[in-house]
Amino acid sequence: MLDFSMLLRDALLSFISTLGFAFLYQVPRKVLLLCASIGMGGYVLRSALHMLGLDLTIATFCGALFVGLVGIWPARRFELPLVLFAITGIICMVPGIPTYKVLVYFREGDILGGLRSGIEAGFSVVALVSGIGAARILTDSEWGFE
């Protein structure tokens with residue numbers, strides 16, 4: 001079941017974090033808010049799908065695919081590289097907590113817990129890359145063959 005207060009919180013925090021990374025990547029000012037909105041949309045989609053019972057890896061793929069597909073439009077419209085929208089849009093979906101848990105579990109001597117968290121983090125990273133890659137393949141017929 002969807003928790004709308006949690007989705008609203010996720011939307012606000014993902015907008016702010018994407019905006020911060022857009023500043024770091026020196027995204028032009030004219031597209032900063034658009035870039036942050038795309039990242040927010042991808043993260044909220046990921047959160048909503050996960051709340052509805054979809055596996056986190058598949059939800060992450062869908063969020064990254066959303067960012068990649070929606071980011072194509074402003075990249076072409078403003079003649080900017082897609083990477084400005086794609087990377088800043090998916091950065092808030094990077095699995096920081098499972099990666100941190102790997103270190104904690106290993107420090108505590110729980111090798112299996114660390115491996116489980118490491119695999120979870122790895123699957124999330126693969127889902128991010130696959131979502132962005134799938135969006136690029138769907139929108140740029142020559143990209144996959146260069």
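The values are calculated or read from the model by the stated rules, or taken from the named source; none is laboratory data. Given the structure is predicted, the values throughout are model-derived calculations rather than measurements. Because the Cβ atoms are built from the backbone with ideal geometry, glycine has one as well, and the counts that use them run over all protein chains shown.
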* **Selection count, the stretch 25-64, where residues are touching a residue at least 60 places away in the same chain (Cβ under 8 Å), outside any loop (DSSP other than H, G, I, E, B) and within 23 Å of LEU12 (Cβ to Cβ)** => 5
* Matching residues in the stretch 2-18 - criterion: being surrounded by 19 or more Cβ atoms within 10 Å (Cβ to Cβ) and not acidic (Asp, Glu) -> SER14, PHE15, THR18
* Asked: Can you spot a residue in the stretch 77-87 that is under 25 Å from GLY133 (Cα atoms), surrounded by 15 or more Cβ atoms within 10 Å (Cβ to Cβ) and either modelled with pLDDT of 95 or more or in contact with an Asp or Glu (Cβ under 6 Å, 6 or more places away or on another chain) (or both)?
  -> no
* Asked: Looking at the stretch 87-105, is at least one residue farther than 21 Å from ASP140 by Cα, more than 11 Å from the chain's Cα centre (by Cα), of a type outside the set (A, V, I, L, M, F, W, C) and assigned to a loop (DSSP other than H, G, I, E, B)?
  -> no
* Asked: Would you call ILE97 of a type in the set (Val, Ile, Thr) and over 19 Å from GLY41 (Cα atoms)?
  -> yes
* Under 6 Å between Cβ atoms, at least 6 apart or on separate chains: pull out the pairs that start in the stretch 118-142 with a residue that is free of Cβ contacts under 8 Å to residues at least 40 places away in the same chain and end on any residue that is surrounded by fewer than 17 Cβ atoms within 10 Å (Cβ to Cβ) and part of a helix (DSSP H, G or I). => ALA121/THR99; ILE137/GLY144
